[in-house]
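The values are calculated or read from the model by the stated rules, or taken from the named source; none is laboratory data. In this text the structure is predicted, and so the values were computed from the model without any measurement. Glycine gets a Cβ as well: all are built from the backbone with ideal geometry, and neighbour counts include every protein chain shown.
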Amino acid sequence: MVSSMAYVTVSAKIPRRLKELLDKYKIKPSPVIRRALEEEVKRHILAEVEERAKELSRRLTHISDEEIARIIREDREGG
């Protein structure tokens with residue numbers, strides 16, 4: 001999702017026991033945190049797109065199927 005961008009540091013406080021378990025199982029928190037944050041952002045983006053699509057659908061309900069077909073046909077024919 002994120003590639004050649006500049007990075008910033010974020011921090012989070014976690015329970016000591018969780019840190020001990022991360023160390024025990026040699027889990028590096030950075031990639032786990034990065035994936036979790038990317039997934040959370042992705043969920044928010046998808047929710048926003050879904051809401052926009054619903055709003056657009058509500059705004060277009062007054063256009064008949066025939067009118068939509070006519071507009072598509074005119075567009076395909078160039079004019």
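Data overview
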| read-out | value |
| --- | --- |
| Selection count, the range 29-79, where residues are surrounded by 10 or more Cβ atoms within 10 Å (Cβ to Cβ) and not in a helix (DSSP H, G or I) | 1 |
| Test: residue in the range 1-15 that is part of a helix (DSSP H, G or I), without any contact (Cβ under 8 Å) to a residue 12 or more places away in the chain and not acidic (D, E) | no |
| Residue list for the range 33-68, filter: of a type in the set (A, V, I, L, M) and modelled with pLDDT of 90 or more | I33, A36, L37, V41, I45, L46, A47, V49, A53 |
